[in-house]
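The values are calculated or read from the model by the stated rules, or taken from the named source; none is laboratory data. A quick note: this is a predicted structure, and the numbers were derived from the prediction, not measured. Counting neighbours? That spans all protein chains shown, and the Cβs are built from the backbone with ideal geometry, glycine included.
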Amino acid sequence: MEKLSRLLLALIALVVLGLAACGDDEGDGGTSAPTTSDAPVANACPAAGCTIEILEVVKSGDELEVTWQANFAPDVSRNHIHIYWDTFTAAEVSSDAEANGLVQGDWSPTDAYPTYITESGASVANRGASTTLCVTAADRDHAVIDSAAIDCMDVGAEL
């Protein structure tokens, strides 16, 4: 019986320690109300899908500085942002473009947040005649998550 009492006491102590570890650092015993924020959620897409909105584009030397807002935290090794000129579609700036019967386009994968300077496939030097930059979300394999979930902005005034 003494052995069972010690085991039960040890189990209770573990549960209490576990609950204490789940508390917060605010000193209110973990009773603070949850807060809402416009901050991006963890890297996984929310139930509604990953979205990115271009907020502003300004000239930065020979390139462009893009400021955007996403509803997820970009990470190139996971879900991230593909930025590209509208000479391509979102389906073409995806690693599975050729498997889907499309010619693969040029893009820049990035997790820069909330600003990004155009480079590589999204460089001003690679825009051709385009004046429109677009963004979409991609997974760690660089496959576009939803080719209908894009945001584009005419940046002609900054070129």
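Report, ordered by the first and then the second residue, all pairs with beta carbons closer than 8 Å, sequence separation of six or more or different chains, a first member in the stretch 145-159 that is farther than 13 Å from Y84 by Cβ, and a second member that is modelled with pLDDT under 95 and β-branched (V, I, T).
Short answer, once both residue conditions are applied: none.
Looking at this structure, is V66 outside any strand (DSSP E or B), assigned by TED's automatic domain parsing to the domain that holds L133 and at pLDDT 95 or above? I'd like the intermediate steps shown before the answer.
Working: outside any strand (DSSP E or B): no; assigned by TED's automatic domain parsing to the domain that holds L133: yes; at pLDDT 95 or above: yes.
So V66 does not fit the description; no.
Out of curiosity, is S77 on the phi < 0 side of the Ramachandran plot, at pLDDT 60 or above and of a type in the set (S, T, Y)?
Yes.
So, in the stretch 122-159, exactly how many residues are among the small types (G, A, S), within 19 Å of the chain's Cα centre (by Cα) and surrounded by 14 or more Cβ atoms within 10 Å (Cβ to Cβ)?
To start, the set of residues in the stretch 122-159 that are among the small types (G, A, S) comprises 122-123, 125, 128-130, 137-138, 143, 147-149, 156-157.
Those still in the list that are within 19 Å of the chain's Cα centre (by Cα) too: 122, 137-138, 143, 147-149.
Checking which are surrounded by 14 or more Cβ atoms within 10 Å (Cβ to Cβ) leaves us with 122, 137-138, 143, 147, 149.
Summing the residues that are among the small types (G, A, S), within 19 Å of the chain's Cα centre (by Cα) and surrounded by 14 or more Cβ atoms within 10 Å (Cβ to Cβ) in the stretch 122-159 gives 6.
So which pairs qualify, if the first residue must be in the stretch 109-124 and closer than 14 Å to F72 by Cβ and at pLDDT 95 or above, the second must be buried (at least 19 other Cβ atoms within 10 Å of the Cβ) and of a type in the set (F, W, Y), the Cβ gap must be under 7 Å, and the two must be at least 6 apart or on different chains?
Correct list of pairs: T110/Y116; P114/W68.
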